[in-house]
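Have a look at the structure below before the remarks.
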Amino acid sequence: MTDSDQPSGPYSRPPHQPPGRPPHEPPGGPPGDPDDAEAVRRPAGGRESSRANRGWWDRNADEYQTEHGTFLGDARFIWGPEGLDEAEARLLGSAGALRGLDVLEVGAGAAQCSRWLAGQGARPVALDLSHRQLQHALRIGDGQGGGPGFPLVEADARALPFADASFDLACSAYGAIPFVADPERVFAEVARVLRPGGRWVFSLTHPLRWSLADEPGPEGLTVVASYFDRTPYVEQDAEGRTVYVEHHRTLGDRVRELTGAGFRLDDLVEPEWPEWNQQVWGGWSPLRGRLVPGTAVFVCTRV
Ligand SMILES: C[S@@+](CC[C@H](N)C(=O)[O-])C[C@H]1O[C@@H](n2cnc3c(N)ncnc32)[C@H](O)[C@@H]1O
């Protein structure tokens, strides 16, 4: 098997282990050890994906926050590895416009973005599938009463536990969308809980990256898979059990999913890699960042 046989992928997950490990790499740990997975491209359903990803994020939240907490900041809103900061980008609304808004953050992790939103005078609710990620939100706190000062909700973005028209704004920085098999279901849920005219802004790995090897160096500039192959990236244990999943859609797919759920696409932001950013984050690096987009941010309005 050659390097080009490795499953390509986007890997929204933290790069604390070599992403896209080749499928021929033999599992080395005890049978069934979820941290000793092999990577394949194969189908994975909705519940299967959520179950696997909840387990993965619960097991890996500590390492994720240790590795990336400083870059993310406790109370900043960073859209992705390029470092695009909402304080400058203002994709959610102009300075001052967030005050008093009810905001849902989907796939919030340790709720860094929600903490920034609270600082802007918004009323955020931070939702995540992973209990351990939300425990980090509690640990960081800053609401001065020992907690974050806003609600944390443990739930699957595929079934939002909120009444219709509860929020003015919804957002997500790499949360949930890349991980679900049925994104149209999440978009429909977000549309349901948003008030008419509400904005929905979310980021994910730029779909183009799915066709490239997930490597930060020059090898990551070679097309190794079809951009049009929507087969999920799956990590499975020695028993074949799914322990991690990411799902790919083309840009056109995303536009159709969004408009089908009742959104208007206002902008598609492809952050350029800035000079100041020298960090390598998995497959993201200054080298690749200057040549091909790594993140796509969709700015939509519920019509
Ligand atoms: C890459 S992290 C991003 C977290 C945070 N926005 C950040 O920038 O650090 C992805 C998050 O999405 C969450 N997630 C994955 N699938 C989800 C789902 N179906 N519903 C809700 N959250 C989900 C994970 O638990 C994880 O915390």
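Taken together, the values in this text are just the output of simple stated rules run on the coordinates, not laboratory data. Model, not experiment: these values are computed from the prediction. Here the Cβ positions follow ideal geometry from the backbone for every residue, glycine too, while neighbour counts run over all protein chains shown.
Below 12 angstrom from the Cβ of residue 128, what's the summed charge of the other residues (Lys, Arg +1; Asp, Glu -1)?
Once positives and negatives cancel, what remains is -2.
If the only charges are +1 at each Lys and Arg Cβ and -1 at each Asp and Glu Cβ, what is the size of the charge dipole of the chain around the Cα centre, to the nearest 20 debye?
1000 debye
Ranked from highest to lowest mean number of other Cβ atoms within 10 Å per residue, what is the order of the peptides 258-269, 194-205?
Highest mean packing first, the order is 194-205, 258-269.
Dimensions of region 91-245 along principal axes (Cα, Å, largest first)?
Extents along the principal axes: 47, 34, 32 Å.
May I ask for the net charge around residue 264, where only other residues with Cβ less than 14 Å from the Cβ of residue 264 are counted and Lys, Arg are +1 while Asp, Glu are -1?
+1
Which cross-chain or sequence-distant (5 or more) residues have an amide H under 5 Å from the amide H of residue 123, H modelled 1.01 Å from N in plane?
Here the answer is 100, 101, 102, 103, since their amide H atoms fall under 5 Å of that of residue 123.
Cut-off 18 Å, label point 7 angstrom out along Cα-to-Cβ of residue 272: give me the residues of region 284-303 whose amide nitrogen falls inside.
Residues 285-297 fall inside that zone.
Normalised by the number of residues in region 36-302, what is the relative contact order in percent for Cα pairs under 8 Å and 6+ residues apart?
Over region 36-302, the number comes to 22 percent.
Quick check on the exposure proxy: order 210, 57 from fewest to most C-beta atoms within 10 angstrom.
By the 10 Å Cβ count, ascending, the order reads 57, 210.
Length gain on complete extension for the stretch residue 195 to residue 90, per 0.36 nm per residue less the alpha carbon to alpha carbon distance?
35.8 nm
With unit charges on the beta carbons (Lys and Arg positive, Asp and Glu negative) and the dipole taken about the Cα centre of region 36-302, which residue among 265, 242, 223 sits farthest to the positive side?
It is 265.
Taking a ≥ b ≥ c as the square roots of the eigenvalues of the Cα gyration tensor of region 221-303, is the shape rounded (a/c under 1.5), prolate (a/b larger than b/c) or oblate?
oblate
What residue among 291, 126, 213 has its Cα farthest toward the positive end of the dipole of the chain, where the charges are +1 on Lys, Arg and -1 on Asp, Glu, each on the Cβ?
Projecting each Cα onto the dipole axis, the largest value belongs to 126.
Based solely on its DSSP helices, what 222 nm [θ] is calculated for the chain when runs of n ≥ 4 H residues each add -39,500 (n - 2.57) and the sum is averaged over all residues, nearest 500 deg cm²/dmol?
Taken over the chain, the calculation gives -7500 deg cm²/dmol.
Would you please put 289-297, 148-156 in order of how densely packed they are, using the mean number of other Cβ atoms within 10 angstrom per residue and starting with the highest?
289-297, 148-156
Sort the following peptides by mean Cβ neighbour count (other Cβ atoms within 10 Å, averaged over residues), highest first: 79-89, 113-123, 170-180.
170-180, 113-123, 79-89
Can I get the semi-axes of the chain's equivalent ellipsoid? Compute them from the C-alpha gyration tensor as square roots of 5 times the eigenvalues, in angstrom, largest first.
Equivalent ellipsoid semi-axes, largest first: 29, 21, 20 Å.
Please name whichever of 49, 87, 163 sits farthest to the positive end of the charge dipole of region 36-302, dipole taken about the Cα centre and charges placed at Cβ: Lys and Arg +1, Asp and Glu -1.
163
How do 230, 99, 254 rank when sorted from fewest to most other Cβ atoms within 10 Å of their own Cβ?
Ascending Cβ contact count within 10 Å gives the list 99, 230, 254.
Could you list which residues have their amide H under 5 Å from that of residue 198, counting only those 5 or more apart in sequence or on another chain, with H placed in the peptide plane?
Answer set, sorted by chain and number: 302.
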